[in-house]
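Structure first, commentary second.
The values are calculated or read from the model by the stated rules, or taken from the named source; none is laboratory data. None of the values given here were measured: they were computed from a predicted structure. Cβ: placed from backbone, ideal geometry, glycine included. Neighbour counts: every protein chain shown. When the accessible area is computed, the model is the full protein with side chains, heavy atoms only, and any ligands, DNA or RNA have been set aside. Shrake-Rupley method; radii C 1.70, N 1.55, O 1.52, S 1.80 Å.
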Amino acid sequence: MARQYAEPLARLLGVSVVVDNRPGAGGSVASGAVARAQADGYTLVVSSQSSHLANPLTQPNLRYDPIKDFANITILGRQPNALVVHESLPIHTFQEFLDYTRAHPEQLNFGSGGSGSMGQLNVELLNRTTGIRTTHVPYRGGSQLITAVLSNEVQFILDNLVIMLPHIQGGKVRALAVAAEQRLPQLPNVPTFAELGYAQLNLSSWTGLAAPRATPEAVVNTLYQAVRQAAQEPAMVQALRERGVFPPEALPPAAFTRMMQERLDRYGEVVRQAGIRAE
């Protein structure tokens, strides 16, 4: 995502944009570095639900606050989540999924990319919203998770659609619902959670852009306007869609921060009730 935006932002802002990979701890290493950087608008971080939602809620010793320590600029794109089950299960609809799990409490395993990951938080929200009971099996990253789902080691996930879409299209797993504003052209027969009467589960993933907290408002607004312009360029729209990403809507800094706070509040209650902690 950062590389896709680098060229148009450099052109629009008239400065070089360098992508500096700082992997580790689900984005916390990069986010922590930017939180402590000079607040001049020249050091930014590509934020995510891992770095700015799951980690702050599940890691008590995290060295930054996603609201207090950043000027959150806007989103770069949204990615739909999907409830996916193994094809061997006698389940073809979301209602059949609910009926089956209620008849077999705690017997269905769900996988995630690790304890405290968004994959776990999404299913715990699903459990508490619908009253079902399932069993969590954490893995170390997406590749292990995909293997576990395909081998029926875990029976379902509620996670980023992109990682499972080829396997859905190949018939090895089955999508029952998507967390998206509308049905997806790749899966026209799969309803959204809102259509199924569970709008509170209709939470797509997001990727954003943030600067250190003390960055001047005028600088933040300049960056916001540049992202908006870049995001509407046809080449960018096509590049994002090819990655399974919805081009971002107009979400100014204040509205973006409110959205983040609402997500923190909603998932924070789930984390507290389930006693979730990252490994």
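I'm checking my understanding of the structure. Among residues of region 253-279 that are touching a residue at least 12 places away in the same chain (Cβ under 8 Å) and in a loop (DSSP other than H, G, I, E, B), which one is surrounded by the fewest Cβ atoms within 10 Å (Cβ to Cβ)?
Per the stated criteria, the residue is GLU279.
Name the residues in region 95-123 that are among the aromatic types (Phe, Trp, Tyr) and open to solvent by less than 10 Å² (accessible area, probe 1.4 Å), would you?
Filtering region 95-123 down to residues among the aromatic types (Phe, Trp, Tyr) leaves 97, 100, 110.
PHE97, PHE110, listed by residue number.
Taking the condition in a helix (DSSP H, G or I), free of Cβ contacts under 8 Å to residues at least 60 places away in the same chain and on the phi < 0 side of the Ramachandran plot, does ALA218 pass?
Values: in a helix (DSSP H, G or I): yes; free of Cβ contacts under 8 Å to residues at least 60 places away in the same chain: yes; on the phi < 0 side of the Ramachandran plot: yes.
Criteria met by ALA218.
Would you mind telling me which numbered condition in (1) under 27 Å from GLN232 (Cα atoms); (2) open to solvent by less than 30 Å² (accessible area, probe 1.4 Å) VAL85 fails?
Against the list (1) under 27 Å from GLN232 (Cα atoms); (2) open to solvent by less than 30 Å² (accessible area, probe 1.4 Å), VAL85 comes up short only on (1).
Give the residue, chosen from PRO23, PRO66, that is buried (at least 21 other Cβ atoms within 10 Å of the Cβ) and assigned to a loop (DSSP other than H, G, I, E, B). Lay out the reasoning, then the answer.
Details: PRO23 fails: buried (at least 21 other Cβ atoms within 10 Å of the Cβ).
Every option except PRO66 fails the conditions.
Restricting attention to region 73-128, and to residues there that are under 30 Å from PRO252 (Cα atoms) and β-branched (Val, Ile, Thr), which single residue is nearest to the chain's Cα centre (by Cα)?
Looking at the filtered set, the residue picked out is ILE75.
Return the total of residues in region 48-73 being touching a strand residue (DSSP E or B) at 6+ places or on another chain (Cβ under 6 Å) and modelled with pLDDT of 95 or more. Before the answer, list the steps.
Filtering region 48-73 down to residues touching a strand residue (DSSP E or B) at 6+ places or on another chain (Cβ under 6 Å) leaves 48-49, 70-73.
Next cut, modelled with pLDDT of 95 or more only: 70-73.
Adding up the residues that qualify gives 4.
Which one of the conditions (1) in contact with a Ser or Thr (Cβ under 9 Å, 6 or more places away or on another chain); (2) at pLDDT 95 or above; (3) part of a loop (DSSP other than H, G, I, E, B); (4) among the hydrophobic types (A, V, I, L, M, F, W, C) does ALA250 fail to meet, given that it meets all the rest?
Unmet for ALA250, out of (1) in contact with a Ser or Thr (Cβ under 9 Å, 6 or more places away or on another chain); (2) at pLDDT 95 or above; (3) part of a loop (DSSP other than H, G, I, E, B); (4) among the hydrophobic types (A, V, I, L, M, F, W, C): (2).
Going by the structure shown, is GLY244 closer than 14 Å to GLN79 by Cα and touching a Phe, Trp or Tyr at 6+ places or on another chain (Cβ under 9 Å)?
Details: closer than 14 Å to GLN79 by Cα: yes; touching a Phe, Trp or Tyr at 6+ places or on another chain (Cβ under 9 Å): no.
Considered against the rule, which asks whether it is closer than 14 Å to GLN79 by Cα and touching a Phe, Trp or Tyr at 6+ places or on another chain (Cβ under 9 Å), GLY244 comes out as no.
Which pairs turn up if I take residues in region 115-134 that are under 17 Å from SER48 (Cα atoms) and look for partners that are outside any loop (DSSP other than H, G, I, E, B) and among the aromatic types (Phe, Trp, Tyr) with beta carbon separation below 7 Å, at least 6 apart in sequence or on another chain?
What qualifies is LEU121/TYR267.
When you go through GLN225, GLN200 one by one, which is the residue that is assigned to a helix (DSSP H, G or I) and over 26 Å from ALA10 (Cβ atoms)?
On the way: GLN225 fails: over 26 Å from ALA10 (Cβ atoms).
Among GLN225, GLN200, only GLN200 is assigned to a helix (DSSP H, G or I) and over 26 Å from ALA10 (Cβ atoms).
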